[in-house]
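A.B. asks: So that we are looking at the same thing, I have put the structure below in structure tokens.
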Amino acid sequence: MGEFPPFPAAARAAGEAVCGAPIELTEISYRRGAAVWKAAGPEGAVAVKVGDDEGAAVTQREAAVLKAIGWPDYLLASGEGEEAGVAWLVTRWFTGPSTGQVFAPVRRDMDGKAGALSASVDLCRAVADLHASGWIHSDLQPAHGIHTDHGVRLLDLSWSWRRGLEPTSDFRGGLTHLVAPELAAAINIGIQPVTPSAAAEVYALAGTLWTCITGRWPLDYAAAGIDPVQLTPANLRTHIAGRRVPLDTASPWPAFQDILRPVLLGRTGDRPTAAELAESLAKVAM
């Protein structure tokens with residue numbers, strides 16, 4: 001992940017205002033110019049994201065998104081660092097496993113399908129509620145849904161959008177392995193800004209759940225003779241857009257995957273909504 005950037009004094013003060021002083025910092029991740037810490041104090045814990053260089057604009061956009069969505073207990077504070085080109089935000093620390101973590105027993109062929117099925121339905125309903133409010137998350141993946149005692153909390157909304165807050169020219173569809181074919185095609189032909197649809201998001205949602213079940217990406221690159229590590233994201237999107245890569249054949253939970261398969265293989269207009277996907281999954285036998 002590289003060496004973490006300095007922690008802004010203003011972000012520390014904001015964390016202490018919520019958690020009490022002193023706060024203890026735990027490094028969580030540092031990718032693409034955005035570092036995340038867990039800051040814990042005597043009165044609670046928060047997540048602090050600091051963006052530098054290209055990550056600063058992304059962090060500022062996420063703060064703007066969270067302000068616009070207005071979810072309680074999400075955005076607690078935001079600002080700029082002491083040095084130019086640094087931005088930070090503070091959100092509540094949500095306690096609970098990610099969707100990928102909930103599925104860990106299923107991937108190990110252990111008992112855990114009841115919990116995984118419930119988590120899947122909850123995630124789909126959380127996405128459906130987001131869509132109903134006019135928003136698209138735009139970067140769904142196994143780590144971006146946290147299952148708390150008070151419901152699913154969606155994380156990493158840097159690329160989320162609604163009308164009036166369109167994606168920036170830097171948006172590339174989210175995690176490439178989960179990008180819908182039609183979105184991959186639009187990105188590669190240079191449509192700017194490329195705007196994801198609810199249907200493209202449902203594809204990413206189904207792909208996320210497929211990955212949670214199998215521990216592998218939904219598309220079987222080896223079967224297509226492709227090493228994704230050796231390809232640029234643009235080249236990989238070309239294969240995805242052309243539907244040149246078959247769906248992965250791993251099948252640890254056939255009844256569940258039979259619900260996801262047509263979402264990943266069908267036409268854009270034939271995909272269910274997130275709410276409809278939740279209803280279908282709720283009926284899956286274990």
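A.B. asks: Starting from the Kirkwood Rh over alpha-carbon pairs, what translational D in µm² s⁻¹ does segment 1-134 have by Stokes-Einstein at 20 °C and 1.002 mPa s?
C.D. replies: Numbers: Rh = 16.4 Å.
So the translational diffusion coefficient is about 131 µm²/s.
A.B. asks: Add +1 for every Lys or Arg and -1 for every Asp or Glu among the other residues with Cβ under 9 Å from the Cβ of A250, and state the total. If you can, show how the numbers build up before the last one.
C.D. replies: Working: positive: R216; negative: D220, D248.
Net of charged neighbours comes to -1.
A.B. asks: Oh, and also: What is the percent carbon and sulfur in the accessible area of segment 95-143, measuring with a 1.4 Å probe over the protein chains and ignoring ligands? Intermediate results must be reported in sequence, preceding the final value.
C.D. replies: On the way: 1050 of 2130 Å².
Heavy-atom surface of segment 95-143 belonging to carbon and sulfur, 1.4 Å probe: 49 percent.
A.B. asks: Please report the relative contact order for the chain, taking Cα pairs under 8 Å with a sequence separation of at least 6, and give it as a percent rounded to a whole number.
C.D. replies: Values: 511 pairs, mean separation 40.7, N = 286.
Computed over the chain, the figure is 14 percent.
A.B. asks: Let me ask you something else. Whole number in Å², please: accessible area per residue of the chain, 1.4 Å probe, ligands, DNA and RNA not counted. Can you show the working numbers first?
C.D. replies: Values: 13290 Å² over 286 residues.
On a per-residue basis, the chain sits at 46 Å².
A.B. asks: A further question follows. Straight-line reach from K283: which aspartates and glutamates have a Cα under 16 Å away, not including same-chain ones fewer than 8 places off?
C.D. replies: D122, D258
A.B. asks: OK, next. Can you tell me, using C-alpha contacts under 8 Å and at least 6 residues apart, the relative contact order of segment 95-247 as a whole percent? If you can, show how the numbers build up before the last one.
C.D. replies: Values: 222 pairs, mean separation 35.9, N = 153.
Reported relative contact order: 23 percent.
A.B. asks: While we're here: Divide by every residue of the chain the summed helix terms, -39500 (n - 2.57) for each DSSP H run of at least 4, and state the resulting mean residue ellipticity at 222 nm, rounded to the nearest 500 deg cm²/dmol. Write down the numbers at each step before the final one.
C.D. replies: Values: 10 runs with 110 residues, N = 286.
The helix contribution divided over the chain gives -11500 deg cm²/dmol.
A.B. asks: What size of dipole, in debye to the nearest 20, comes out for the chain about its Cα centre when the only charges are +1 on Lys and Arg C-beta atoms and -1 on Asp and Glu C-beta atoms? Numbers along the way, then the final one.
C.D. replies: On the way: 24 positive and 31 negative charges, 163 e Å.
Using Cβ point charges on Lys, Arg, Asp and Glu, the chain gives about 780 debye.
A.B. asks: Where the centre of each part is set by its Cα atoms, how far does segment 10-35 sit from segment 112-129, in angstrom?
C.D. replies: Measuring centre to centre over Cα atoms gives 30 Å.
The values are calculated or read from the model by the stated rules, or taken from the named source; none is laboratory data. Note that the coordinates shown come from a computational prediction; the quantities given were computed from them, not determined experimentally. Heads up, the Cβs are rebuilt from the backbone with ideal geometry, glycines too, and the neighbour counts pull from every protein chain shown. These accessible areas exclude ligands, DNA and RNA; they are computed on the full protein's heavy atoms, side chains included. Shrake-Rupley method; radii C 1.70, N 1.55, O 1.52, S 1.80 Å.
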